[in-house]
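Novice: I am attaching a structure below and will ask some questions about it afterwards.
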Amino acid sequence: MNQFFSRINNLRENLFFISLVSLAIVFPFSEALVSIFSGFLLLQVLLFRSWLHPQSMKGEIAGLLFILSIFCVYLFGTLFTRDFQFALYELRKVIFWLLMPLAFYFSPKLPASKIFLVFKIFIIAVTVSSLIYSVNYILLHDSITDDFRNAGYISHIRFSFQVILSLILLGYFFINTPENEISYYRIIILGLFLWLTSFLFLLQSLIGIISFFGTIIIFLLYYIYKISLKKFRLFFLLLLFFCIMVPVYFTGTVIRDFYSFKAIDVNNIEYKTMSGNNYEFDFENLARENGNLVYVYICHDELRKEWNKRSNIKYDHVINGYQLSNTLIRYLTSMGLRKDSVAVSQLTEEDIAMIESGVTNYKFKNRFFSIYPRLYQTIWEIDSYLNSGDPNNKSLAQRIEYLKASFILIGRNPLLGIGTGNWKIKYNEVYDEMHSRLDMDKRASSHNQYLNYLVKFGILGFFWILVAILIPFFKGKHYSNIVFSLFMIAFSIANFGDSNLETHMGLSFFSFFYCLLLWHSPDEMKNQFIHS
């Protein structure tokens, strides 16, 4: 009989381990497979009654109940719903608040070696996916015109969080490699760390990059506060200064380039092109590219005729929500040229390809490893929004509209919010009241997880969700677990830029590693933060 129970327990452990490995592998590749293996993770618990395993959680039910209560907040919100079908859709999206905690809580504790293996397999999967991203981009896409962020299998924003966790884990393994370990192991870790850091910038996810730098800065502040040796403190102070000043300086450079205005003497304007046609001028429109006014010295007839000779995509066609003519005009402006036939004749074939793909500035050439184009485009979007009031097809400008609507809804429903399933109805009502110029297909919620909770569940629901996530973390003293702490910090920062815990890949990924680190962290990982 004892042998029978031993085999059953071994089977429970093996199935749990296989489930963990399977999910670790598929996270960077497939939303559908994540759903399938998440279901298998809970199914193996139910079929083999894993709670009977002697190493399953005992007497720590409070943490589980706190986490499960998050789903109950969504359930409570359905009491106020005006769209029950959409409420059910929202409940399905957040089912991971039930599935992951139950699966992890009732599964048996695994040896540290197996948990570390899960982490390493996850790093390998993320690295393989990043390499596939790169190969797809180089072989199957036009490296001049196509967006690198579209070369992968899942949202580039959600993938950036997986890259960040991989970097945290690599840092942990590098620091904790025994001194007698063969040297090439650390070289491999360092190589992976450098590649994934570079890849994070290739993804050009501003949310991911900000989250990464924010996490490093918070960690360095804590490290500097705790470390006792002055020479190390000075080194890390310099590193902190570097981590703060490099992004600030680089961003300042982009802003300076954008707003380095070049004045036009209105008393010495040439009104005719070299071919004798009239230029158009709109001095009231202050839109600029590289400091040059966009809507001056324009001759549409010459542009249309000359452009249509050189491209199969015609002058008046729409690409990525913009007329090609606008892209061409902005591109020529960025080069400091007038907008006429002479200017179009000076464009190279590479320039033509970039304009056809919607690129608006010649400085975006040869910027494969640079975040410059992404920052410049963001600054342009804000400047254009402030000048025109039109937020459409401008990511950050649209988010400003979302924020405005969110604050209005929070002000009207401060305590309990608008409920589950109502956000589309309520937001549309507010956008109409605001006379927002957002197109119907561009209308959305706040793209900020904290504001989303405040809108849907009010102050009470928002506060409870934070408590339900943080109490198990602090009660279990997991703040001494460097991997867990940095993971929480990174996600906390990222949630200011998107509603990650209400997306399939965002919530499945967070809940998986949150529960894994909460209940199954190896003992040697739990006390890694500096105490002296």
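Novice: Let me spell it out: the conditions are (1) closer than 28 Å to residue 32 by Cα; (2) part of a helix (DSSP H, G or I), and residue 462 meets all of them except one. Which number is the exception?
Specialist: If we test residue 462 against (1) closer than 28 Å to residue 32 by Cα; (2) part of a helix (DSSP H, G or I), just (1) comes out false.
Novice: Condition check: outside any loop (DSSP other than H, G, I, E, B) and open to solvent by less than 20 Å² (accessible area, probe 1.4 Å). Does residue 444 satisfy that?
Specialist: no
Novice: Return the only residue of 205, 183, 166 being free of Cβ contacts under 8 Å to residues at least 12 places away in the same chain and either open to solvent by 60 Å² or more (accessible area, probe 1.4 Å) or not hydrophobic (A, V, I, L, M, F, W, C) (or both). Working first, answer last.
Specialist: Working: 205 fails: free of Cβ contacts under 8 Å to residues at least 12 places away in the same chain; 166 fails: free of Cβ contacts under 8 Å to residues at least 12 places away in the same chain.
Being free of Cβ contacts under 8 Å to residues at least 12 places away in the same chain and either open to solvent by 60 Å² or more (accessible area, probe 1.4 Å) or not hydrophobic (A, V, I, L, M, F, W, C) (or both) holds for just one of 205, 183, 166, which is 183.
Novice: Here's a follow-up. Of the residues in the stretch 255-272, how many are of a type outside the set (Asp, Glu), open to solvent by 90 Å² or more (accessible area, probe 1.4 Å) and either part of a loop (DSSP other than H, G, I, E, B) or modelled with pLDDT under 75 (or both)?
Specialist: Taking the stretch 255-272 and keeping what is of a type outside the set (Asp, Glu), we get 255-256, 258-264, 266-269, 271-272.
Of the ones still in play, those that are also open to solvent by 90 Å² or more (accessible area, probe 1.4 Å) are 256, 259, 261-263, 267-268, 271-272.
Remaining after also requiring either part of a loop (DSSP other than H, G, I, E, B) or modelled with pLDDT under 75 (or both): 259, 261-263, 271.
Residues that pass the stated criteria total 5.
Novice: Sticking with this structure for a sec: For the stretch 62-75, enumerate the residues that are touching a residue at least 40 places away in the same chain (Cβ under 8 Å) and either crowded, with 16+ Cβ neighbours inside 10 Å or more than 29 Å from the chain's Cα centre (by Cα) (or both). Talk me through it step by step, then tell me what you get.
Specialist: First pass over the stretch 62-75, keeping only residues touching a residue at least 40 places away in the same chain (Cβ under 8 Å): 62-64, 66-67, 69-70, 73-75.
Selection gives 62, 63, 64, 66, 67, 69, 70, 73, 74.
Novice: How about the stretch 343-358: which of its residues are over 24 Å from residue 274 (Cα atoms), modelled with pLDDT of 85 or more and open to solvent by 20 Å² or more (accessible area, probe 1.4 Å)?
Specialist: Passing the criteria: 350, 353, 356.
Matching residues to (1) open to solvent by less than 60 Å² (accessible area, probe 1.4 Å); (2) in contact (Cβ under 8 Å) with a residue 24 or more places away in the chain; (3) in contact with an Asp or Glu (Cβ under 9 Å, 6 or more places away or on another chain); (4) among the hydrophobic types (A, V, I, L, M, F, W, C):
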position: 425; (1), (2), (3), (4): yes, yes, yes, yes
position: 436; (1), (2), (3), (4): yes, yes, yes, no
position: 457; (1), (2), (3), (4): yes, yes, no, yes
position: 465; (1), (2), (3), (4): yes, yes, no, yes
position: 473; (1), (2), (3), (4): yes, yes, no, yes
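Novice: If you check every pair at least six apart or on different chains, which have Cβ atoms under 9 Å apart with a residue in the stretch 3-19 that is within 21 Å of residue 115 (Cα to Cα) and of a type in the set (Lys, Arg) first and a residue that is part of a helix (DSSP H, G or I) and modelled with pLDDT of 85 or more second?
Specialist: 12/44; 12/45
Novice: Here is a further query. With respect to residue 452, determine if the residue is in contact (Cβ under 8 Å) with a residue 60 or more places away in the chain and open to solvent by less than 10 Å² (accessible area, probe 1.4 Å).
Specialist: The answer is no for residue 452.
Novice: Restricted to the stretch 311-324, and to residues that are surrounded by 14 or more Cβ atoms within 10 Å (Cβ to Cβ) and outside any loop (DSSP other than H, G, I, E, B), which residue is modelled with the highest pLDDT?
Specialist: Only one residue tops the list, namely 324.
Novice: Any residue that is open to solvent by less than 10 Å² (accessible area, probe 1.4 Å) and either closer than 30 Å to residue 362 by Cα or modelled with pLDDT under 95 (or both) - is there at least one of those in the stretch 111-126?
Specialist: No, the conditions are met nowhere in the stretch 111-126.
Novice: Then there's this: Out of all the residues in the stretch 214-227, is one or more surrounded by 13 or more Cβ atoms within 10 Å (Cβ to Cβ) and of a type in the set (D, E, K, R)?
Specialist: Scanning the stretch 214-227, I find no residue that is surrounded by 13 or more Cβ atoms within 10 Å (Cβ to Cβ) and of a type in the set (D, E, K, R), so the answer is no.
The values are calculated or read from the model by the stated rules, or taken from the named source; none is laboratory data. Everything quoted here is computed from the prediction, not taken from an experiment. Virtual Cβ from ideal backbone geometry, glycine too; neighbours counted across all protein chains shown. Surface accessibility is based on the protein's heavy atoms, side chains included, excluding ligands, DNA and RNA. Shrake-Rupley method; radii C 1.70, N 1.55, O 1.52, S 1.80 Å.
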